[in-house]
Each structure stands twice: as structure tokens, then as C-alpha cells.
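A short write-up of the structure that comes next.
The values are calculated or read from the model by the stated rules, or taken from the named source; none is laboratory data. As the structure is a prediction and not an experimental result, all values here were calculated from the model. Neighbour counts run over all protein chains shown; Cβ positions are idealised from the backbone, glycine included.
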Amino acid sequence: MKFIEQLPRFAFFTGKGGVGKTSLACATAVKLADAGKRVLLVSTDPASNVGQVFSISIGNQVTAVPAVPNLWAMEIDPQAAAQGYRDRIVGPVRGVLPADVVKGIEEQLSGACTTEIAAFDEFTGLLTDEALVGRFEHVLFDTAPTGHTIRLLQLPGAWNSFLEAGKGDASCLGPLAGLDKQRAQYKAAVDALADPQRTRLVLVARAQASTLREVARTHDELARIGLTQQHLVVNGVMPAAEGQHDELAAAVVRREQAALAAMPDILRPLPIDQVPLKAFDLVGLDALRQFFEEALSPNTPLPAAPRLDAPSLAQLVDGMAELGHGLIMMMGKGGVGKTTLAAAIAVELAQRGLAVHLTTSDPAAHLTETLSGQMEHLTVSRIDPQAETERYRNEVLASKGKGLDAQGRALLEEDVRSPCTEEIAVFQAFSRIIREAGRKFVVMDTAPTGHTLLLLDATGAYHREIARQMAGSGVHFTTPMMQLQDAERTKVLIVTLAENTPVQEAAGLQNDLRRAGIEPWAWVVNNSVAATRVQSPLLKARAAKELPFIDAVVHGHAKRYAVVPLLAEEPVGVDKLLALAHGG
């Protein structure tokens, strides 16, 4: 594996949830320790299962792994770190500032950006603590900071005064309010990250077009801020041999090889490794030591997993169609298949003679190609996130930027370049379309996250301002936020995969939505091997692994659910989308 060769002291494993960062980091740590290197493995993944992988309890302290000489590990709990970070910022102003101002600060500190910055706050201590890291030849981090976080940390500025003066907008800038006192430490940490002699970034992906596009964006963003020492690892590649006696496995092989052949050009110069898909759980040392071997099927033949008796997507549509109109929002992490499922739901509704408007803000969502033709009762639109965000930025800079000095202007410009800004801008565009849901179905692919909805509610609060203006007028009104909170008119579907990290992340999204007053209507488990019939020993093993995660969705998270099988062919065209909705 190229990424292990001449590995610097620090290595960061980064990538979307569910691509196998933790498995890769753990296997690398064991390989280096077995070679006699002293290794510290640090996880900042909110869904971390490093302790489970090694079958020991690991906390926020350096802990020896008894079964592996030379290996130590620690887990930084991002949620605990975020809570401590929030307490340090909000504690001094509680009881001093008005309650609604304190609430606004708390909401700004409630999202993913705070969690990431708080985790960065923790592990910068490690990066700059030579007394600690000096004991190890390699320090491996499971989950790296994003380019956006590092870019924020590089800005000058008095974050507290900037925010208190109301010059910032609903954004990811709020979490930076507590960083001023440790700027020297952060600068040293960012310098270490950008030094190729000290740090290597390992981008982890799957052999899927959407995942490779996402990792290309990550690569470009990190390279632009000086983090150029990058390697790409494509994890979980289906071995060609598995396709010899199994139609579904053969189809997956063809699909993955096509995705790799069409890899974004920006990734091609990178050193690239491929790791084959495994049939076994990567728990325990034996499994970790086999991670870099060729794919291994189970030693004994496996019976086919019992076919799931689970509702299909079309059965969920039965419940959605009863009112005859409404808003349907697909939510979930990137790479879980929201766009395809949104198209399938829209086609199924239109097939029933119902008027449907299918809209997306996903720049990678080629809905017209997915539909591959026109259909009666169905209209399709696409919101351009870049155009909407640029319009929103210009509005904010023109209004709030007037009269700011150079430093304030720089802070405001970074503020309106945060990920939350794009979601808010896109939400404004969606709000124009939402009105149609009173007379037809609007199926929305890529919705704002729960945290962004909370920010809208707590800071800009369009709907609260309207409510204040209309109070006592006797006039009935409905704002976009009120419609999203109306379970009769809006149905939110959370999309996930039957794997540990995607299910945990989807559960976190559900909690955020509930805090925003939005109750998810159903969950959809997509691309399930357990919902198919397979002959490949490797796929049979994968199907068996899915069952506990599907059970967790059914009995632990969802009020309603559907399971969509992994398909042999891409669901392109109306007929194939209808087949997907009915269970493949």
C-alpha cells in the first residue's frame, strides 16, 4: 500500500461516513505496531467504534492496547468536547445577556461545525504537545478537520465582538467565538498539518461516482489551503472473482470499475490504493491483520440470508398519496442515494395520476438523466446552489458589510462562505417552490439539515417576524418553517444504509430535526444486500451483517420504514424507477 510507505509522524484519515475510515486507521495502526513502531491511534469520529474493534474500553486518555505491543489508543468524544466548549462560551453570558440572545448563541453552537471545532480544539493539544507525541513514531487520527474549519482558523479577528455586534449572519462562524485565546496553538497545529514532512492526509472513498466526486472536492479544498501531501484509498472494492457465479456481484463489479475509470481528473495524479471488499466484520486482531490481504470469502459456505419481509418504497407512497398533495423531503448524508429515491417516489406518485414537482439542489444530481425521458403529471427543476448562494452573499455583503473596516469585511466574507450559508440560500429558493405543495406534490431532494433549520429559527427567524407582524390581525398565514413542522402537509424521509456509521449519523439527524420541531415521517434503508437473493459467498456474508442495523432502524428509530434492495442495474428511466419503488 502506497499510503503507508515512508509515513510521516502524523497521518489523518478523512472521508464521508461509512467509507471505512476507522477500519483503515485501525488496520494501519496494527500493521505499523507489528513492524515495531510505537503508534498512537486517536479517534475523533462521533460514531467511533475503535474500542469495539479492539474489544477493549477506550476513553479520553492514552490507553495501551494489551494484545498489540507498541500500540496505544484514545477516543476524543466530540459530543462531550462540544458540550464543554459550549459551556465555556455560554456560561459567562448566561444571566447577563437577554434570554433570547443567549438562546441564539446556543443554537449557533449546536451544530456540526461546533462539534468539529471542539474536536479540533482537543486534538490540537495533541499535535502541539511534544512531551506526549514525542513518545510515538506515528500518531494516526481517525477523522481529519475539514478545509472549511482550517480556513476559518487561519483568519484574523475578534470573533466575539464581530458576533456581538450582529455583523455575522446565521452561519458556522459562531463556534469560533471561544478560540481567540489559543490562536498560537492553532497556528502551530495548522502549520503541522501543512508540513508534508510531518503530516499525510489519507482520503478514503468507495468506488462510487458520488463518493469520488465528494472526495475530489475535499482534495481540492485542502490542497488550496496548503495541505498537499495526500493519498487516495478506494476501500471496499468488489473482487472480480465474486462476479463469476453471481449476477448481482458481476453487476457491482462493472459499476465500480466504470466509476473508477471515470474518476475526477483532479484525483488522478494522487498515489492511489485499492482495498478489496471483505466478507467479515473488521473486529478483532485477526480481522485487522487480514485487512490488507486479498479479499477473503468465508471459509464455509453460507446459507442465503432470509429474505426480508420489509415494506417497499411503493408501500410508503401509499401513505403519502392519501392527502393528494404535500411536501416530501429526502434527508440524509451524501452517498446514500437520496436523488434516486426522490426520483422513484416522484415517478410512483405521477404514475398514479397525481401532479408532482420534483426539485433538487444537488450539483451532482442529474435528474434528467435518471428519469431518461418525460412523464405525464411530472415536472422537474433544479436549483443552482452556486447561483443562489452568490445572490445571498451579495445581499448580505451589501447590507451588513456597509461601513465595516478591512478586518470586519474579511470576517463577514468568510462568514457568508460557510456551509450553512449555502443551505440557507438554497432554503430560500426552496421556499418559493414549497408554496406549490398546497395543490400538488413537491418532492425535494437535498433538504437543509436540522441544524440549519434551527439557525433559521433562532437568528434570521423569518417566520417568527411574520408571526409578530400578523399577531392579532385575524389573518391566517403559513410560513415555510411552519409548513415543515406541519406533519399533515410535510413528510420527511431519512435515507440511510444498513451500516453502523450511516445509521448513527441518520439518528443524529433525526434528533436535530426534532429539536427544530420537525418529526421525521419514515426511514428508508437503501441499497440493501439483505433484500436480495445472492449466490456470492461474500455478498451472503454482507447480507447477514446488515440485519442488525436494519433491526435497529425498525425497532429503535423509525415510525415507518422501507427497505430498497441493491440493484443489478442503475435505476435509470421511468420503468426502472417504478421497479425500484416496488422492490426491484
Which listed residue, of 259, 249, is within 23 Å of the chain's Cα centre (by Cα) and modelled with pLDDT of 90 or more: 259
Return the residues of the range 23-41 that are over 19 Å from residue 61 (Cβ atoms) and under 24 Å from the mean Cα position of the chain (by Cα); say none if nothing qualifies. 23, 24, 27, 28
Could you count how many residues in the range 221-242 are within 18 Å of the chain's Cα centre (by Cα), assigned to a helix (DSSP H, G or I) and either modelled with pLDDT of 90 or more or charged (D, E, K, R) (or both)? 1
Could you list, in sequence order, the residues of the range 55-108 that are among the small types (Gly, Ala, Ser) and farther than 30 Å from residue 288 by Cα? 82, 84, 91, 95, 99, 104
Looking only at the range 387-438, count every residue that is crowded, with 20+ Cβ neighbours inside 10 Å, modelled with pLDDT under 80, under 25 Å from residue 327 (Cα atoms) and of a type in the set (Ser, Thr, Tyr) and tell me the total. 1
Considering only the range 247-286, how many residues are under 14 Å from residue 542 (Cα atoms), assigned to a helix (DSSP H, G or I) and charged (D, E, K, R)? 0
In the range 198-212, anything of a type outside the set (S, T, N, Q) and more than 18 Å from residue 20 (Cβ to Cβ) is listed as 198
Subset of the range 565-577 [modelled with pLDDT of 90 or more and in contact with a helix residue (DSSP H, G or I) (Cβ under 6 Å, 6 or more places away or on another chain)]: 577
Only one of these conditions is not met by residue 556: (1) touching a residue at least 60 places away in the same chain (Cβ under 8 Å); (2) over 16 Å from residue 311 (Cα atoms); (3) among the small types (Gly, Ala, Ser). Which number is it? (1)
I'd like to verify a number: residues in the range 44-75 that are assigned to a loop (DSSP other than H, G, I, E, B), surrounded by 18 or more Cβ atoms within 10 Å (Cβ to Cβ) and at pLDDT below 80, how many? 6
Going by what's in this entry, would residue 378 be described as surrounded by 15 or more Cβ atoms within 10 Å (Cβ to Cβ) and over 23 Å from residue 483 (Cα atoms)? no
If a residue must be assigned to a loop (DSSP other than H, G, I, E, B) and in contact with a strand residue (DSSP E or B) (Cβ under 6 Å, 6 or more places away or on another chain), how many such residues does the range 522-535 contain? 2
Matching entry among 554, 572 (being under 23 Å from the mean Cα position of the chain (by Cα), aliphatic (A, V, I, L, M) and surrounded by fewer than 18 Cβ atoms within 10 Å (Cβ to Cβ)): 554
Which residues, counting only those in the range 308-328, are more than 16 Å from residue 560 (Cα to Cα) and surrounded by 16 or more Cβ atoms within 10 Å (Cβ to Cβ)? 325, 326, 327
Could you check the range 484-521 and list, in sequence order, the residues that are part of a loop (DSSP other than H, G, I, E, B) and of a type in the set (Asp, Glu)? 486, 488, 499, 519
In the range 395-413, how many residues are touching a Ser or Thr at 6+ places or on another chain (Cβ under 9 Å) and among the charged types (D, E, K, R)? 0
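Here's the yes/no breakdown for (1) assigned by TED's automatic domain parsing to the domain that holds residue 125; (2) farther than 16 Å from residue 205 by Cα; (3) touching a residue at least 60 places away in the same chain (Cβ under 8 Å); (4) not β-branched (Val, Ile, Thr):
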| position | (1), (2), (3), (4) |
| --- | --- |
| 31 | yes, yes, yes, yes |
| 38 | yes, yes, yes, yes |
| 56 | yes, yes, no, no |
| 66 | yes, yes, no, yes |
For the range 180-198 the number of residues that are of a type outside the set (Phe, Trp, Tyr) and modelled with pLDDT under 75 is 6
